1. Filter region 61-116 down to the residues that are among the basic types (Lys, Arg) and buried (at least 20 other Cβ atoms within 10 Å of the Cβ), then identify the one that is farthest from Ser146 (Cα to Cα).
2. State yes or no: is Ala217 surrounded by 14 or more Cβ atoms within 10 Å (Cβ to Cβ), more than 20 Å from Gly95 (Cβ to Cβ), modelled with pLDDT under 95 and of a type in the set (A, V, I, L, M, F, W, C)?
3. If we only count strands (runs of 3 or more DSSP E) wholly inside region 1-82, which ones have 1 or more residues that are without any contact (Cβ under 8 Å) to a residue 60 or more places away in the chain and of a type in the set (Ser, Thr, Tyr)?
4. Among the residues of region 126-146 satisfying the criterion of being more than 20 Å from the chain's Cα centre (by Cα) and not in a helix (DSSP H, G or I), which is surrounded by the fewest Cβ atoms within 10 Å (Cβ to Cβ)?
5. Yes or no: region 204-217 includes at least one residue that is aromatic (Phe, Trp, Tyr) and part of a helix (DSSP H, G or I).
6. Right, Thr57: of a type in the set (Val, Ile, Thr) and either over 18 Å from Leu233 (Cα atoms) or modelled with pLDDT under 95 (or both) or not?
7. Within region 151-183, which residues are part of a helix (DSSP H, G or I), under 18 Å from the mean Cα position of the chain (by Cα) and farther than 18 Å from Leu94 by Cα?
8. Exactly one condition in (1) surrounded by fewer than 18 Cβ atoms within 10 Å (Cβ to Cβ); (2) of a type in the set (Ser, Thr, Tyr); (3) more than 30 Å from Ser72 (Cα to Cα) is not met by Thr178; state its number.
Amino acid sequence: MRKNIVAGNWKMNKNLQEGVALATALNEALKGKTVNCDVVIGTPFIHLASVVNAVDTAKIGVAAQNCADKVSGAYTGEVSAEMVASTGAKYVILGHSERRAYYHETPEILKEKVQLALANGLTPIFCIGEVLAEREADKHFDVVKSQIEASLFDLSPEDFSKIVLAYEPVWAIGTGKTATAGQAQEMHAFIRQTLSAKYGKEIADNTSILYGGSANASNAKELFSNPDVDGGLIGGASLGVDKFMPIIEAF
């Protein structure tokens, strides 16, 4: 059965000391609590090893926010999937709209990153989603389908079954706008249908699909109550335990 997941994406926030303090505080808040979802935090690269050591990794999974599309070599400033895995991190966020937009990550680059992440035992949290102009032009289903097909559909069924998807309507990230629960469910159901056509109903039914896009304590419960929404990829609200815990507890 697919997992419910609440994943925090810290983006480029928190220095090392602040990040370790936040992870430690979240670890304390989860002590002795039974939650109905897996909890993941996506930290900057330099935090990974320290945060892994600061938390109970049976309760909190740690994610990198990216990895390189190369195995190793003369790629100054890059961090490989093997390096990420060596810190004890178990997840990597790939294909985030900010990486696609600001750093021009193409479907082909992302295909390489996904394969390297899987080869190093990492679980990719793979982001897909449309910008406002694409939604207003009624192209949102086509855009999301092509993003999935171009980067993931070369994977074997066995490898695809290790992927977590995160649907993020780009027009709702950091804008305060949120897709309605109905819009989220409609897209998540479409994604699952797309997966089913390629990999069959069993794999589609067992793929966790998260919603990302200004999810917060006030709307999480409504979003997560949808049958095809399996949790959230949370941005700003993951930067404080007081805001993040109510989202985790929405399950």
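1. Quick first cut of region 61-116, residues among the basic types (Lys, Arg) only: 70, 90, 99-100, 111, 113.
Now drop any that are not buried (at least 20 other Cβ atoms within 10 Å of the Cβ), which leaves 100, 113.
Numbers: Arg100: 14, Lys113: 17 Å.
Across region 61-116, the extreme among qualifying residues is Lys113.
2. Values: surrounded by 14 or more Cβ atoms within 10 Å (Cβ to Cβ): yes; more than 20 Å from Gly95 (Cβ to Cβ): yes; modelled with pLDDT under 95: yes; of a type in the set (A, V, I, L, M, F, W, C): yes.
For Ala217, the condition - surrounded by 14 or more Cβ atoms within 10 Å (Cβ to Cβ), more than 20 Å from Gly95 (Cβ to Cβ), modelled with pLDDT under 95 and of a type in the set (A, V, I, L, M, F, W, C) - is met.
3. Working: elements: 5-9, 38-43, 60-64.
Those strands (runs of 3 or more DSSP E) span 38-43.
4. Restricting to residues being more than 20 Å from the chain's Cα centre (by Cα) and not in a helix (DSSP H, G or I), the top hit is Asp138.
5. Within region 204-217, none of the residues are aromatic (Phe, Trp, Tyr) and part of a helix (DSSP H, G or I).
6. On the way: of a type in the set (Val, Ile, Thr): yes; either over 18 Å from Leu233 (Cα atoms) or modelled with pLDDT under 95 (or both): yes.
For Thr57, the condition - of a type in the set (Val, Ile, Thr) and either over 18 Å from Leu233 (Cα atoms) or modelled with pLDDT under 95 (or both) - is met.
7. Trp171, Ala172
8. Thr178 satisfies all of (1) surrounded by fewer than 18 Cβ atoms within 10 Å (Cβ to Cβ); (2) of a type in the set (Ser, Thr, Tyr); (3) more than 30 Å from Ser72 (Cα to Cα) except (1).
The values are calculated or read from the model by the stated rules, or taken from the named source; none is laboratory data. Model, not experiment: these values are computed from the prediction. Using ideal geometry, Cβ is built from the backbone for each residue, glycine included, and neighbour counts are taken over all protein chains shown.
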